[in-house]
């Protein structure tokens, strides 16, 4: 099956710093990628839809200036958490649709801990 | 709004069969997917139903009834490694993000 690589797997940072998370589709081109946030034992919360070559579409309540998304190529999307605060600590997961949006391939996730 | 309902927790014995139900109320419907997620890991795709009926893939089967807005995931010959969270997800249309249920935590016991 298709492979989506996400880095880093985990990051610990000080409050106020910015953190960049990369999501790559390794063996297919992904014009659309999705970024999710997940708290322990809870569901996946869609943050934004990342479209190659255009601006991301953010879900209601997600601050686009805080969570910067860039989809510069067909295989790479990045999420930058700017001026991170402890409440931003969470598990962030990216996904890409191989051909249709019904079957998603997920990255391994990034556990962000902001001190 | 969109809503998907599934049980929060299910416990079953190793070797048994378990069924995880999912009912949905969405503005549109394109298909129902199921994903498995182990603790600390990423979700992995299990199955997808666009039409009514049963889809079988090894020990896992998925069923859909569009008229009842209902589907289920059936796991047979349960193994300890099947202990995980299972999410149903609806594709509201062909080009919109999936809407995920809150997940069912399955615990397989000896």
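Checking region A:91-104 against the condition returns no match, with no residue being away from chain B (no Cβ under 13 Å), surrounded by fewer than 15 Cβ atoms within 10 Å (Cβ to Cβ) and out of contact with any helix residue (DSSP H, G or I) (no Cβ under 9 Å at 6 or more places or on another chain). Taking strands (runs of 3 or more DSSP E) as the structural unit, those lying wholly within region A:1-50 and holding at least 1 residues that are within 14 Å of another protein chain (Cβ to nearest Cβ) and over 18 Å from residue A:85 (Cβ atoms) correspond to A:4-7, A:19-25, A:32-38.
Inside chain B, counting only strands (runs of 3 or more DSSP E) that do not spill past its ends, which hold 2 or more residues that are away from chain A (no Cβ under 14 Å)? Those strands (runs of 3 or more DSSP E) span B:9-13, B:18-25, B:53-57, B:60-65, B:70-75, B:104-109.
Only one of the numbered conditions (1) assigned to a loop (DSSP other than H, G, I, E, B); (2) surrounded by 15 or more Cβ atoms within 10 Å (Cβ to Cβ); (3) free of Cβ contacts under 8 Å to residues at least 60 places away in the same chain is violated by residue A:78, and that is (1).
Has region A:54-65 got any residue that is closer than 14 Å to residue A:4 by Cβ and either within 13 Å of another protein chain (Cβ to nearest Cβ) or not in a strand (DSSP E or B) (or both)? Looking for residues that are closer than 14 Å to residue A:4 by Cβ and either within 13 Å of another protein chain (Cβ to nearest Cβ) or not in a strand (DSSP E or B) (or both), one finds none in region A:54-65, hence no.
Residues considered: A:73, A:83. Of these, the only one that is without any contact (Cβ under 8 Å) to a residue 40 or more places away in the chain and away from chain B (no Cβ under 12 Å) is A:73.
Annotation note: of A:15, A:9, the sole residue that is exposed (fewer than 14 other Cβ atoms within 10 Å of the Cβ), at pLDDT 90 or above and under 14 Å from the mean Cα position of the chain (by Cα) is A:9.
In the set (1) out of contact with any strand residue (DSSP E or B) (no Cβ under 6 Å at 6 or more places or on another chain); (2) closer than 14 Å to residue A:22 by Cα, the condition left unmet by residue A:41 is number (2). Checked against the criterion of being out of contact with any strand residue (DSSP E or B) (no Cβ under 8 Å at 6 or more places or on another chain) and within 27 Å of residue A:94 (Cα to Cα), region B:96-104 has at least one qualifying residue.
The values are calculated or read from the model by the stated rules, or taken from the named source; none is laboratory data. This structure is a prediction, so every number in the text was calculated from the model and none was measured. Every residue, glycine among them, receives a Cβ derived from its backbone with ideal geometry; neighbour counts consider all protein chains shown.
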